Every structure is written in structure tokens, then in C-alpha cells.
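Okay, so here's the structure we're looking at.
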Amino acid sequence: MSLILALIRRDLALSMRQGGGVGTALGFFLTIVVLLPIGIGPDQALLARIAPGALWIALLLSVLLSADRIFQQDYEDGSLDIMTMGPVPFEMVALAKAVAHWLSTSLPLAIAAPLLGFLVNLEAAAILPLSIAMVLGSVALSLLASIGAAVTVGLRRGGLLVSVLVLPLYVPVLIFGLSASAPDAAPGLAFTALLILTAIALASLVLCPLASAAALRSYLK
């Protein structure tokens, strides 16, 4: 466990030192939520109705923007080859790198998104359920993104291919995330959607590292 925590701390330190990860994602997120009201126009009621969906879509796209960096640098400098020979199971290495991506990119965006909802006229009653749903959903987003990053790690400019591969997997997260965070949803429906979203996050926690490790091994042979 100490080795896994050390790997997470290493990736977080590299992310903060190099920059560009969370900064680029946050800048892209702000671009979407700032330009959307300009495109929609002065209809505040319409903007309030689409605000949760707009914030979710901005979150999904912003996470995808940095997904290809999860394994790319370690693959290029040979660190992944060394990790395959280490004492830590390679599946746990893949999990640690996905967790580092979640802590450095997805979680800050999930926390900031509801707070920036005033830019898209988000209702005050929707802030708390949206925050809970986004924090849970962001776990699945980073883990699913790690699969796409692992499949394309050996490709030059694989960012677009990551988006093509991962976007279909993001659809259930988007559907149940919206159902759990809609302010006018029935309490029973919102709670059920939140439970399903939690189940998706837990399933991703188990399955995604296995898939990512298998894809990485195919490149490292």
C-alpha cells in the first residue's frame, strides 16, 4: 500500500510541477460555461433548465481533454517498463495512476463545476445534489478515461482516439448523473439514480484497472 501511495504522490507532484493538466481542463471548462449563455441568449428560464446538463457535458469534455496524459509520459520515458517488473501488481499501478488523475483533474473540476453554476443560471437548490453526483461520477470518468489512455498509449496524437473510445462509456454516467442532480426530479428517482451512479463508480474501480493493465501489457511486450 505504501508503494501505491508513493506512486500517487509522485504523479500528483509531476502534475503540479509540469502544469497544463488541471489548468487546461479548467480553462476549457470555463470557456464552455462562459460561451454557452452568449449562444443561448437572454432566456434565463431556458438557461436554468439546461444548466445541469451543460455543466455535466463541460465536465466530461474537460476530463477527456487530459485523459491521454495518464500513461503517456511514463510510457515514453520507460517508467512503465520498470513498473511491470516491480513488486506492485500492474493492475494496482494502473489504478494508482487513474486515482492521481482523479485527484489532480476530475475532482477539482467536479467541486468547482457547481460553484461556477451561476454562470449558466444554475438554481441554488441544484448545487448540493449536483456536487454529490459529480464527485461520484468523476471517479468513474477518470477510471474509464484510463482505459482509453491505455489503449492509445503507443499512438502519436492519440487524444482524439481516446475521445472516440471513451465517450460511449461516458453515456451511462451522464444519464444517471443528470437524473441524480436534477433539482425537480422526484426524491425516489434521484436517490435511485445516485445509487446506480455509485454502482457504476464501484464497478469501474474494479474493472477499469484490469482492462488498462491488459492494454498496457500489449504495448510493453
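The values are calculated or read from the model by the stated rules, or taken from the named source; none is laboratory data. Everything numeric in this text was worked out from a predicted model, so none of it was measured. Note that each Cβ is placed from the backbone with ideal geometry, even for glycine, and that neighbours are counted across all protein chains shown. For accessibility, only protein heavy atoms count, side chains too; no ligands or nucleic acids. Shrake-Rupley method; radii C 1.70, N 1.55, O 1.52, S 1.80 Å.
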Listed residues LEU80, LEU143, LEU95; largest mean-square fluctuation, Gaussian network over the chain with Cα springs below 10 Å, found at LEU80
Compute the whole-percent fraction of alpha carbon pairs in the chain spaced more than 21 Å apart. 54 percent
Pop the C-beta distance of LEU220 and LEU61 into the FRET formula with R0 = 22 Å and round what comes out to the nearest 0.05. 0.15
Residues of segment 35-63 with amide nitrogen under 13 Å from the 7 Å Cα-to-Cβ point of GLU123? 45-53
Under 10 Å, Cα contacts only: if you run a Gaussian network model on the chain, which one of ALA45, ALA150, ALA54 comes out with the highest mean-square fluctuation? ALA45
FRET efficiency for LEU155 and ILE38, using Cβ-Cβ distance with R0 set to 35 Å, rounded to 0.05: 0.45
Once neighbouring chains are kept in place and the probe is 1.4 Å, which whole percent of the accessible area of segment 1-51 is contributed by carbon and sulfur? 71 percent
Provide the convex hull volume over Cα atoms per residue for segment 110-221, in Å³. 99 Å³
Restricting to Cα pairs under 8 Å and 6 or more apart, the percent relative contact order of the chain works out to 26 percent
With r as the distance between the Cβ atoms of VAL164 and ALA45 and R0 = 35 Å, compute the FRET efficiency 1/(1 + (r/R0)^6) and round to 0.05. 0.50
Of MET85, MET92, MET134, MET16, ordered by accessible area with the largest first and a 1.4 Å probe, the sequence is MET85, MET16, MET92, MET134
Probe 1.4 Å, heavy atoms of protein chains only: per residue, the accessible area of segment 1-142 in Å² is 46 Å²
Ranked by accessible surface with a 1.4 Å probe, highest first, in what order do GLU91, GLU76, GLU123 come? GLU76, GLU123, GLU91
Could you please state how large a percent of the accessible area of segment 62-169 is carbon and sulfur, counting protein chains only and using a 1.4 Å probe? 70 percent
Using only alpha carbon pairs under 8 Å that are at least six residues apart, calculate the relative contact order of segment 116-173 and give it in whole percent. 33 percent
Could you rank ARG69, ARG9, ARG17 by how accessible they are, 1.4 Å probe, largest area first? ARG17, ARG9, ARG69
Taking only DSSP H segments of four or more residues, each worth -39500 (n - 2.57), what value at 222 nm results for the chain once the sum is divided by all its residues, to the nearest 500 deg cm²/dmol? -26500 deg cm²/dmol
Give or take rounding to whole Å, what are the principal axis extents of the alpha carbon atoms in segment 25-148, in descending order? 58, 25, 17
What Kirkwood hydrodynamic radius do you get for segment 1-77 when you take the inverse of the mean 1/r over all pairs of distinct Cα atoms, in Å? 14.7 Å
How large is log10 of I(q)/I(0) for segment 82-123 at q = 0.16, 0.17, 0.35 Å⁻¹ when the intensity is taken from the Debye formula with one equal scatterer per alpha-carbon? -0.55, -0.58, -1.05
